[in-house]
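The values are calculated or read from the model by the stated rules, or taken from the named source; none is laboratory data. Just so it is clear, the structure is predicted and the values come from calculations on it, not from any experiment. Counting neighbours? That spans all protein chains shown, and the Cβs are built from the backbone with ideal geometry, glycine included.
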Amino acid sequence: MKAVRVHELGGPEVLRYEEVEAPEPRADEALVEVAAAGVNYLDIYYRSGFHWGGHHRRALPYIPGAEGAGAVLAAGSGVSEVRVGDRVAYGISNGHGSYANLAAVPERYLVRLPDAVPLRSAAAAMLQGMTAHYLTRDTYPVASGDAVLVHAAAGGTGLLLIQMAKARGARVFGTVSTPEKARIAGEAGADAVIDYTSRDFAAEARRLTGGRGVNVVYDSVGKSTFEKSLDALAPRGCMVVFGQSSGAVPPFDTAVLNARGSLSLSRPSLTHHTTHRTEILARAGDVLQWIEAGKLAIRIGSTLPLSQAAEAHRLLASRRTTGKVLLIP
Ligand SMILES: NC(=O)c1ccc[n+]([C@@H]2O[C@H](COP(=O)([O-])OP(=O)(O)OC[C@H]3O[C@@H](n4cnc5c(N)ncnc54)[C@H](OP(=O)(O)O)[C@@H]3O)[C@@H](O)[C@H]2O)c1
């Protein structure tokens, strides 16, 4: 089969499109014919060798890609919940192997798709969708009347966060870097959109909340937004750092949380919010059902052939994408 492999860590150029042996599913795995693979910022971290506290390093060579959708071609002897021919999707935050024609995926991560949900939408929605789901329901359960600030609001996860927070009755403000991204975030339902490259987003968030500040900041940008995000929060507000697209947040004095008004701080991961099969089915089930019902719009901003994985990574890392980036084997 064709796949993209990483033989040494580095820039986008290390993503090599090549002929590799097809995977053999183990007893607990199904072989999925990948119709679309989701590209996530996470894939860039693994490729470039960034790893959280020494964990998560991949053995080389490896096939990147934590997310995909397609039909089940074969199932291991212990597989009982999916069958050959089923349309399935998966998003595994520490997973890999999707940048390929075929992927062997543990059954516990596979979700069968409702007929009305296209494979590409499913491939686009699983990882970022389950992420926005746990962020708005568990890390900080958004309540009606809350003011919410979402950074990188026109990004893959950002657009889903806007919609899920709006559905829970919040006022949602988004930050973006271009007028085009502002339009896209506004269309997704943001009540106000701030260009954080030219405006003081904390001052703007305070102005929009009558001086009080927001209840929660969902910050996937990290280094360049962290400090100011604390300024945007109301007393007892919640700072959620769930990514670091601009770089890692420097070491931090927790006394600052007290001084700024008994703030709380969370640094969550999808891994710890999809620990059980039941949890995966519940989160993915909600996301897919919202798509089916027309309540959650999935914006696929870029679709590239699998052979152009390096270009997909370049686009994502240089802020030139909106919504989801997909690779088509
Ligand atoms: N913790 C979790 O469970 C979890 C799960 C999924 C994703 N994430 C994290 O969430 C973040 C977003 O992931 P995503 O896949 O949805 O990507 P994305 O948001 O679609 O793309 C990244 C966006 O970040 C913004 N950005 C700001 N400064 C940047 C910089 N210096 N370099 C690059 N981008 C910058 C850009 O938007 P503007 O141009 O508008 O600034 C860019 O489009 C990533 O950090 C990812 O690791 C975490």
In the range 253-271, residues that are without any contact (Cβ under 8 Å) to a residue 12 or more places away in the chain and under 22 Å from V88 (Cα atoms) total 0
If you go through D86, D146, the only one that is farther than 16 Å from E24 by Cα, of a type in the set (D, E) and surrounded by fewer than 18 Cβ atoms within 10 Å (Cβ to Cβ) is D86
Among helices (runs of 4 or more DSSP H) entirely within the range 158-262, at least 2 residues that are more than 15 Å from the ligand (Cβ to nearest atom) and at pLDDT 95 or above occur in 201-208, 226-232, 255-259
Condition set part of a loop (DSSP other than H, G, I, E, B) and in contact with a helix residue (DSSP H, G or I) (Cβ under 6 Å, 6 or more places away or on another chain), scope the range 106-143, selection surrounded by the most Cβ atoms within 10 Å (Cβ to Cβ): answer is V142
Taking the range 34-43 and keeping only residues that are farther than 11 Å from A309 by Cβ and either within 14 Å of the chain's Cα centre (by Cα) or at pLDDT below 95 (or both), one is left with G38, N40, Y41, L42
Filtering the range 137-157 down to residues that are more than 8 Å from the ligand (Cβ to nearest atom) and not acidic (D, E) yields R137, T139, Y140, P141, V142, A143, S144, G145, A147, V148, L149, V150
